[in-house]
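Each remark here refers to the structure printed beneath this line.
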Amino acid sequence: MSKDKKRKKKKIIIFGGLGILLVILALVVAFGGDKEKIVAINVEEVHRRTITQTVEGTGKIEPQTQVKINAEVSGEIIELPVKEGDKIKKGQLLVRIKPDTYIADRDQAIASLNSAKALLLQRKADEKQKAAEYRRAEELHAKGLISDADLEAAKASYDIAVQNVESAKYSIQNAKASLDRAVENLRKTSIYSPIDGVVTELISKLGERVSGSSFTQGTHIMTVSNLDVMEARVEVDENDVVLVSIGDTARIYVDAYPDSVFVGTVYQIANTAKTSGLGTQEEVTNFEVRIILHNPGFLFRPGMSCNADIETETHYDVLAVPLQSVTTRERRISGLDEEESNTDDRGQAGGNRDKKNRRRKPQEVVFVVKNDRVRMVDVATSISDDEYIEVTSGLKEGDKVVSGSYRAISRELHDSTRVRIEKKKKRFGSANKD
């Protein structure tokens, strides 16, 4: 009997302990299982600011006026009095091509013109003679001394003489045109600078042969540029170029002068796109925007790399929040309840998921802190700069909006989420994204 009592006592202790453990677990579940998650956040007050929207572009610094000097006639370079980097004046000799062949062509054309003029004199004398013979034949025919055939023969000879004179005149015109062409080709053997500037590129050398004609672009000999007026030629993405207008102010950052910022004005926007990586996943479509630099006072060289921030629009004294404060949430379109979204067009339960998805649309929202919770507020936005975005509706000055962290704003926060405000250590642009 003592053993049975011991077993019963042992069982009572075991089951009693299990019961106490179950009670403890039930209490934990009842009072601790539904504990709300508290999200740590940073906040910033809504203030009025000046927002300037910018569009970025990358490109090169180039002279606004740049002339390529090409050969228009063929031959050997016998004179090259300039070198790369030389400052030159308009009308200064740049290149001389050996003119011997073109001098000979000119002299030949002069001889041909003189020959044509001599022929014209001969034809006029013959015409005069034939005209006299024709008048005499008319007189004799009137007296009945010659036949009709003789009169017609005299008239034909006179008509031929007249046509020969006209032909000789055309020969003179042809000879004059040949002479003009020969003189022009001879003139092209000497090339003079069309502008004041600097020789920024010298390709050909003394003694080299160059080719040129009236129908094709000749050999590129050198480039002359006016370095007094420089411009930035930058490429802007196709989605941003529609925001850029003629006259927009731009700030230019040149790699060669890292501590300086240059100001310019947009004066030309390309109408035709430049596409790179066509047909690949890296395909990019850009448009060239040209920005004239305002008296930079620096020595720029053609081809220097640069970046441009083009200021496309500015709004003054507007409500603004940090860029990272604005996120999107999917909203159901007004008038569509849950039952409708789970029922297809035939009234069948189960829902048409594609149709349900089409009936949702993203809405821009911010999270406003009220006591220890956040309220999700729909907002309408306008332009933005690098840090802030204008809010046109949904907020008032002084509201405290959540500005971090990225994970909290994009995923963790919902309407009425409980939050804990942490001291902000650094701006979100450099903050870690949890």
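All of the numbers you see were taken from the coordinates with simple rules; none came from a lab. This is a predicted model, so every value here is computed, not measured. Backbone-built Cβ (ideal geometry, glycine too); neighbour counts: all protein chains shown.
Numbers for the structure displayed
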read-out: Modelled FRET efficiency - R0 30 Å, Arg420 with Ser382, Cβ distances, 0.05 increments; value: 0.40
read-out: Cross-link table Lys89/Lys205; Lys87/Lys188; Lys143/Lys169; Lys90/Lys274, entries beyond 30 Å C-alpha to C-alpha; value: Lys143/Lys169; Lys90/Lys274
read-out: Sites matching trypsin sites (Lys or Arg not before Pro) across segment 164-252 that sit in DSSP coil, with at most 14 neighbouring C-beta atoms within 10 Å; value: Lys205
read-out: Per-residue Cβ neighbour rank within 10 angstrom, fewest leading, Phe300, Phe262; value: Phe300, Phe262
read-out: Cut-off 12 Å between beta-carbons: net charge of the residues surrounding Thr327, Lys and Arg +1, Asp and Glu -1; value: -1
read-out: Sorted by Cβ neighbour density within 10 Å, fewest at the top, the residues Asp180, Asp86; value: Asp180, Asp86
read-out: From the C-alpha gyration tensor of segment 71-210, square roots of 5λ in Å; value: 60, 12, 9
read-out: Segment Ala125-Thr280, length gained on full extension (0.36 nm per residue, minus Cα span); value: 47.9 nm
read-out: Alpha carbon convex hull of segment 220-316, projected area averaged over orientations, nm²; value: 9.0 nm²
read-out: Residue exposure sequence - Arg420, Arg96, Arg106 - by fewest surrounding Cβ within 10 Å; value: Arg420, Arg96, Arg106
read-out: Per-residue ³J(HN,Hα) for segment 165-170, Karplus 6.51 cos²θ - 1.76 cosθ + 1.60, θ = phi - 60°, Hz, x for Gly and Pro; value: 5, 4, 4, 5, 5, 5
read-out: Note, ³J(HN,Hα) from phi for segment 403-410, Karplus 6.51, -1.76, 1.60, rounded to Hz, x at Gly and Pro; value: 10, x, 7, 4, 5, 4, 5, 7
read-out: Additional length obtainable on full extension of the chain from Glu84 to Ser260, 0.36 nm per residue less Cα span; value: 60.6 nm
read-out: For segment 185-255, convex hull volume per residue from C-alpha positions, Å³; value: 207 Å³
read-out: Residues Gln173 and Thr101, FRET efficiency given R0 of 22 Å [Cβ-Cβ distance, rounded to 0.05]; value: 0.35
read-out: Spacing of the two label points (7 Å from each Cα toward its C-beta) at Val162 and Lys205, in nm; value: 6.7 nm
